[in-house]
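J.: Have a look at this one.
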Ligand code: UDP
């Protein structure tokens with residue numbers, strides 16, 4: 001059967017390639033970097049023997065049973081619950097904001113009902129339809145908690161005032177009126193036993209898949225393929241004709257040593273005067289392994305220059321029109337499907353990326369079956 005092209009070997013590209021190969025197509029995958037798994041890439045640090053999340057912490061969590069079943073076909077997932085701590089104003093708190101956080105922060109002994117009523121009283125009821133991150137926070141948790149936990153961290157993370165960011169970013173985090181400190185509210189959560197790169201390698205390990213590493217894909221090569229699935233940056237595909245879409249990139253400063261550096265996997269630093277956003281201690285992402293040494297990454301966020309690796313799509317309210325033009329162009333492009341975080345310019349979790357990749361192939365196969373051009 002004719003060749004299909006897949007650009008990028010992150011979760012989007014790998015799942016699409018695998019599904020197409022399973023459906024009987026020959027697939028060629030082009031990955032610009034020298035490794036697979038995109039920004040989920042994991043690598044065993046030779047100095048400490050610890051499995052490092054090279055591009056920052058990735059914890060797998062989902063509510064989608066199909067996605068959970070799918071990833072479990074390719075690797076063993078170890079039980080893992082993300083419990084984040086945060087330093088704010090020189091004190092350590094539990095995140096996401098929960099009953100312990102509220103009681104410690106305000107020096108109270110509230111029960112769930114009292115805490116809910118108290119926090120409701122802190123919110124600004126005058127904000128009827130919160131649009132920005134800041135409005136969403138002020139509406140639901142009030143200024144004190146917003147300033148302590150979100151304002152400084154968000155300015156460091158995104159480089160702009162939370163007033164310029166969409167409310168959707170804050171909606172990622174729950175506020176709880178019990179002592180549940182699980183960062184995620186999803187039914188399935190875990191860590192791939194041998195890391196994300198091993199998982200993606202398994203996905204790509206199929207006789208009908210040819211993987212090219214360190215291989216850029218030129219748009220002109222499209223004609224050689226029946227269809228191309230593109231998970232690179234949408235603006236790059238169109239030669240940046242509408243300007244560059246804004247991203248944040250991350251810099252990591254490694255800390256190596258003996259023993260336990262901070263006692264947990266992720267410690268956020270919410271105060272603005274501390275230049276980094278968080279420190280991740282990687283051996284705590286794999287609690288089933290034993291290590292005497294330790295490896296941490298201090299994480300710094302900054303604006304992504306053209307030569308940097310893009311991480312977080314910024315999606316400022318004022319960039320909406322530019323993005324819409326790219327989305328229109330992508331829709332009009334025949335023979336190419338734009339997928340994933342970079343291809344659709346959205347802040348996607350791994351599980352959503354995988355669900356959309358599975359659905360993309362479902363749709364492609366249905367269209368082929370019906371003889372509809374894509
Ligand atoms: N956030 C914050 N303080 C924190 C943790 C998160 O202000 O201690 C905000 C910040 O704007 C961040 C967003 O909430 O970008 C989403 O947090 P999440 O932990 O989902 O970020 P990720 O792990 O994807 O970087």
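Bear in mind these aren't lab numbers, they're just calculated from the coordinates by the rules spelled out. Computed from a predicted structure; not experimentally measured.
J.: How would the range 229-374 be classified by its alpha-carbon gyration tensor: rounded, prolate or oblate, with rounded meaning a/c under 1.5 and the a/b versus b/c comparison settling the rest?
T.: Oblate is the answer for the range 229-374, as a/c is 1.5 or above yet b/c matches or exceeds a/b.
J.: Another question, then. Among rounded, prolate and oblate, which fits the range 98-170 when a ≥ b ≥ c are the square roots of the eigenvalues of its C-alpha gyration tensor, a/c under 1.5 means rounded, and a/b larger than b/c means prolate?
T.: oblate
J.: Continuing with this model, one more query. Measure nothing but the geometry: give the 0 to 90° angle between the long axis through the Cα atoms of 320-332 and the longest principal axis through the Cα atoms of the chain, rounded to 10°.
T.: Roughly 30 degrees, rounded to the nearest 10.
J.: Here is a further query. Could you work out the per residue convex hull volume over the alpha carbons of the range 11-60, in cubic angstrom?
T.: Cα convex hull per residue, to the nearest whole number: 104 Å³.
J.: For the range 142-199, take every pair of Cα atoms, bin their distances at 10 Å starting from 0, and report each bin as a whole percent.
T.: Whole-percent P(r) values from 0 Å outward: 17, 37, 29, 16, 1.
J.: Can you give me the orientation-averaged projected area of the convex hull built on the Cα atoms of the chain, in nm²?
T.: Averaged projected area of the chain's Cα convex hull equals 19.9 nm².
J.: Now for a different question. At q = 0.11, 0.16, 0.19 Å⁻¹, work out log10 I(q)/I(0) for the range 208-305 with the Debye formula, treating every Cα as an identical point scatterer and leaving solvent out; two decimals please.
T.: Per q value, in the given order, log10 I(q)/I(0) is -0.62, -0.86, -0.94.
J.: Rounded, prolate or oblate: which fits the range 286-368 when a ≥ b ≥ c are the square roots of the eigenvalues of the alpha-carbon gyration tensor, with rounded for a/c under 1.5 and prolate only if a/b beats b/c?
T.: Because a/c hits 1.5 or more and a/b fails to exceed b/c, the range 286-368 counts as oblate.
J.: Another one. Helix 350-370 versus the longest principal axis of the chain: what angle, 0 to 90°, nearest 10, using Cα atoms?
T.: Between helix and principal axis, roughly 30 degrees.
J.: Grab the DSSP H runs of the chain that are 4 residues or longer, score each as -39,500 (n - 2.57), total them, divide by all residues and round the 222 nm result to the nearest 500 deg cm²/dmol.
T.: Value at 222 nm, helices only: -8500 deg cm²/dmol.
J.: Report for the chain the percent antiparallel among DSSP-assigned beta bridges with both residues inside it, nearest 5.
T.: Percentage antiparallel, nearest 5: 65.
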